[in-house]
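Before any comments, here is the structure.
Any read-out appearing in this document is the output of simple, stated calculations on the displayed coordinates, not a laboratory observation. Just so you know, these numbers come straight off a predicted model, no measurement behind them. Counting neighbours? That spans all protein chains shown, and the Cβs are built from the backbone with ideal geometry, glycine included.
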Amino acid sequence: MYKERNAGKCWTHGFRFSMVDAIAIAICVVSTVYLYPQIGADALLFSVVLGHFFLFCNVFRVRRNYELIWAALFLVNFVAWRLTGPVDWAAILSCQTPATLIAIIAEIRSPEYHGIFSHSRIPSFEERLDSSS
């Protein structure tokens, strides 16, 4: 079933950037600038989350389960700091940076890495499944 669903799909590698990415970044910047005077440092939440999403999905192309683990840790981290008082982004990011680096380094070390600076051709799903059988 897995083989049938992904038949013929070929991975690309390297950095990617699309018009949708540009629009999302522009909307994020505008909303952060608009909301900052109203809600203060909490407005930076959008930029931090989108920045990491872009880093994970477009630059290093981190696998989904690493992204979800990072997101869960970020949510716990942000909520914990928010419950203790005003948002301190330096503290939040200093706690979150190790998780970010672990996700990126683990992905780069993977034989399936296909993010920025990956130099080898990434085999199609069919080729990968056939070689593992």
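Some observations on this one:
- Highest-first arrangement of 83-95, 45-57, where packing means the average Cβ count within 10 Å: 45-57, 83-95
- Residue 94 paired with residue 49, simple spin-label distance in nm, labels 7 Å along Cα-to-beta-carbon: 2.5 nm
- When the alpha carbon coordinates of segment 16-119 are projected onto the principal axes, the ranges are 45, 32, 18 Å, largest first.
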